[in-house]
Structure formats: structure tokens, C-alpha cells
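The structure appears below as C-alpha cells.
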Amino acid sequence: DTAVSQTPKYLVTQMGNDKSIKCEQNLGHDTMYWYKQDSKKFLKIMFSYNNKELIINETVPNRFSPKSPDKAHLNLHINSLELGDSAVYFCASSQGGGGSTDTQYFGPGTRLTVL
Amino acid sequence: GDSVTQMEGPVTLSEEAFLTINCTYTATGYPSLFWYVQYPGEGLQLLLKATKADDKGSNKGFEATYRKETTSFHLEKGSVQVSDSAVYFCALTRNYGQNFVFGPGTRLSVLP
């Protein structure tokens, strides 16, 4: 059983298009995240949701809109894609209860290429 | 704000060499500290963690000790293998695990 899954694994698209990446976790966690990893492997948090509510929204263009239909899903929709959006996007989840439960579990990543 | 600093590498070692990857952090209070590993083409996986001062996390021959006095969490392994080649991320969390801060990652290459 995959703990955190993302689809698609690869996404190639033209500038200006709108695309979505889906994420699902079957760990029963309360908190989910989206990260962007650039070509130098630097990992930057984009959003965090706790029980379907937005709790972290870093400085991300408003072309990026997360949607959490329930606490097991956090999808990322991107409008008007730009060349600079090319990266690997990771979804993650954690229980968020503090102490020994503070561990994030990552999905396999979605490699987005904007042409 | 909270931050994590680690040597960026790349680090290149021969098989069976000793590994140290330094990690220091800035945070108020008592964060939990983590090392994550990313193998080529994969997502990040938890390698080890420590949730309070002087705790030692260990897994797969890797160790790291939470040192509050030096705000450090250095990763060590006594004898690396080719299969350890990956990118290693140091991270911390406060705020009940809802906000993780990652270091820039250290790429390790182990040569046979």
C-alpha cells in the first residue's frame, strides 16, 4: 500500500496551460503539504493544510491554488503555466500532533516540465 | 525565523570511508530534528529523527545526536556503501509538526 501517492508522475505541457496534480494519503494524517524542489534540489514549502484548512501559504504566485476536498486529499492546480514553474513537486503528510508523531511522509514527486 | 544550515557538498567518498554531514539549526524552544534521504528519482524518506536534547537517532548505520548546546544534529556513518549515494536533508519542526524547515540538501556520492 502506498502511503502518499501523487498523479501524474510526469507532466509535460506548454506555457499558458492550466494543469492539476493530485495527492492522496492513506495514513490518516491531519496535515498535508506541497513542496517545490528546484533543479539544485532545494526544497521549498508552498502550502500546508490541516484538516482541510489552509495553515501555511508561503509567497507563491496566486496562479497556484491548492484544494483539499477532504483531509486525505490535497490537490494542486496551476493556472497559466510559466517556464519557471518547471520543477519537481512533492506532496507530503504528517500527523501534526507534536513529539514522536512529528514525521513527514513524502510522495514520489511529480516532475513538471513547461515548454 | 527558524532555519537549517548544512554543508551543501557535493561530498564524494570511497566505499567504507567515514561520513559526516554537518547540520546546525536556529529555532526558539525545542524543535524536533530529522534527517531525510532522497535517492535518485525518488521522494524523500525519513532516515532518522530526535525529538529532545541529547537524543540519538539511528537507522541503517547512520547516527545523529541532538546537541542543544551547539544547536547541531550532525549525521555520521562509520562505513559508507555505494548504495548510500543520495541527497541528504536536515530538517526541523516546531509548532506541533505543522511547519517543517529543510536545509538545502547535501549530495553524497560513494565510489566503489
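Quick note: the coordinates plus some simple rules give every number you see, no bench work behind them. Keep in mind it's a predicted model, so treat the numbers as computed, not measured. Glycine gets a Cβ as well: all are built from the backbone with ideal geometry, and neighbour counts include every protein chain shown.
Please state the charge dipole magnitude for chain B, taken about the Cα centre, from unit charges on C-beta atoms (+1 on K and R, -1 on D and E), reported in debye and rounded to the nearest 20.
The calculated dipole for chain B is roughly 300 debye.
Could you please report the charge total around A:Gln37, scoring K, R as +1 and D, E as -1 over all other residues with beta-carbon less than 15 angstrom from its beta-carbon?
Result for the local shell: +2.
Among the lysines, which have Cα under 24 Å from the Cα of A:Lys19 when same-chain residues fewer than 8 positions away are ignored?
Here the lysines satisfying the reach criterion relative to A:Lys19 are A:Lys9, A:Lys36, A:Lys40, A:Lys41, A:Lys44, A:Lys52, A:Lys67, A:Lys71.
Which of the lysines could a cross-linker bridge to B:Lys56, judged by Cα under 19 Å and excluding same-chain residues fewer than eight apart?
Hits, sequence-local ones excluded: B:Lys68, B:Lys77.
If each residue's Cβ is checked for other Cβ atoms within 10 Å, how do A:Met15, B:Met7 rank with the fewest at the top?
A:Met15, B:Met7
Along its principal axes, what span do the Cα atoms of the range A:23-89 show, with the longest given first and each in whole Å?
Largest to smallest, the principal-axis extents are 34, 24, 18 Å.
Taking the Cβ of B:Pro40 as the centre, find all other residues whose Cβ is under 13 Å away and add up their charges (Lys, Arg: +1; Asp, Glu: -1).
In short, +1.
Give the dimensionless ratio obtained when the Cα radius of gyration of chain B is divided by 2.2 N^0.38 Å.
This ratio for chain B stands at 1.01.
When Rg is the radius of gyration of the Cα atoms in chain A and Rh is its Kirkwood radius, what does Rg/Rh come to?
So for chain A, dividing Rg by the Kirkwood Rh gives 0.96.
Taking 7 Å along the Cα-to-C-beta vector as the label spot, tell me the A:Glu53-A:Lys9 distance in nanometres, rounded to one decimal.
With each label point 7 Å from Cα toward Cβ, the separation is 3.7 nm.
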